[in-house]
Amino acid sequence: MLTPFSSPENLSREAAGSDAVVIGPAAGLDDATMANIQSLGSTGAVLVIDADGLSVFKGRTAELFAVLDRDDILTPHEGEFERLFPGLLTHGREVAVQEAARLAQATIVLKGAQTLIASPDGRVRRNENGSPWLATAGTGDVLAGMIGGLAAQRMESFDAACAAVWLHSDAAHTFGPGLTSDDLPDCLPKVLSEMRSSALD
């Protein structure tokens with residue numbers, strides 16, 4: 001559900017009745033985006049923060065971490081990850097994502113050819129179902145929405161992130177070459193139907 005809002009205070013009130021909130025894509029790199037995210041800290045909703053919602057906190061990560069709790073999820077690509085956690089990637093992606101989850105005390109989804117998901121309790125998973133067709137604009141925004149959708153169904157945050165990453169990749173494999181971000185949701189019914197059939201076999 002897309003909910004319009006007019007101020008951080010209005011956003012906070014709207015979010016208070018939600019199970020999950022996705023924020024950041026196309027939000028803008030300005031003080032308003034930062035204020036909007038900070039207003040969500042006391043709502044109780046699971047926060048899925050992506051794109052501009054991450055980059056706007058470059059050099060100010062303590063302010064972002066103050067908003068987060070262990071149910072929240074950050075979904076950076078490597079550029080956004082470096083802005084939030086400068087230098088960590090020099091230790092390797094798996095070590096970096098685990099340390100980032102520990103520092104943020106939130107689930108981290110480090111997107112890439114083999115996306116990594118880490119929880120603050122030390123769990124880490126690698127998605128080996130990656131698709132080259134996902135290297136196109138907007139697919140990360142769709143992933144954030146998918147994670148938020150699963151989290152809104154009360155799935156545990158780490159599990160929601162892992163499931164969404166796998167489904168996102170499988171949808172891309174289903175469509176194949178020429179994929180755009182708008183195609184991904186249309187592929188999900190087929191992916192889910194095939195999963196259900198496999199589970200019943």
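Kindly indicate whether residue 199 is under 13 Å from the mean Cα position of the chain (by Cα) and of a type outside the set (D, E, K, R). No, not satisfied. Helices (runs of 4 or more DSSP H) fully within segment 121-201 that include at least 1 residues being more than 27 Å from residue 68 (Cβ to Cβ) and β-branched (Val, Ile, Thr): 157-175, 183-200.
Of the set (1) surrounded by fewer than 22 Cβ atoms within 10 Å (Cβ to Cβ); (2) farther than 16 Å from residue 24 by Cβ; (3) not aliphatic (A, V, I, L, M), all apply to residue 115 but (1). Specify the residue that is farthest from the chain's Cα centre (by Cα); the eligible residues are those in segment 118-143 that are small (Gly, Ala, Ser) and surrounded by fewer than 16 Cβ atoms within 10 Å (Cβ to Cβ). Restricting to residues being small (Gly, Ala, Ser) and surrounded by fewer than 16 Cβ atoms within 10 Å (Cβ to Cβ), the top hit is 122. Kindly establish whether residue 94 is surrounded by fewer than 22 Cβ atoms within 10 Å (Cβ to Cβ), more than 30 Å from residue 7 (Cα to Cα) and either touching a Leu at 6+ places or on another chain (Cβ under 9 Å) or among the hydrophobic types (A, V, I, L, M, F, W, C) (or both). Considered against the rule, which asks whether it is surrounded by fewer than 22 Cβ atoms within 10 Å (Cβ to Cβ), more than 30 Å from residue 7 (Cα to Cα) and either touching a Leu at 6+ places or on another chain (Cβ under 9 Å) or among the hydrophobic types (A, V, I, L, M, F, W, C) (or both), residue 94 comes out as yes. If I filter segment 108-117 down to residues being assigned to a loop (DSSP other than H, G, I, E, B), of a type outside the set (Val, Ile, Thr) and modelled with pLDDT of 95 or more, which single residue comes out as farthest from the chain's Cα centre (by Cα)? Applying the filter and picking the extreme gives 114.
So how many residues does segment 134-162 have that are in contact with a Lys or Arg (Cβ under 8 Å, 6 or more places away or on another chain) and among the charged types (D, E, K, R)? Here the count works out to 0.
Restricting attention to segment 88-107, the residues that are outside any helix (DSSP H, G or I), touching a helix residue (DSSP H, G or I) at 6+ places or on another chain (Cβ under 9 Å) and not polar (S, T, N, Q) total 1.
Put simply, of 25, 76 the only residue that is in contact (Cβ under 8 Å) with a residue 40 or more places away in the chain, under 21 Å from residue 161 (Cα atoms) and in a loop (DSSP other than H, G, I, E, B) is 25.
The values are calculated or read from the model by the stated rules, or taken from the named source; none is laboratory data. Please read these numbers as outputs of a predicted model, since none were measured by experiment. Cβ: placed from backbone, ideal geometry, glycine included. Neighbour counts: every protein chain shown.
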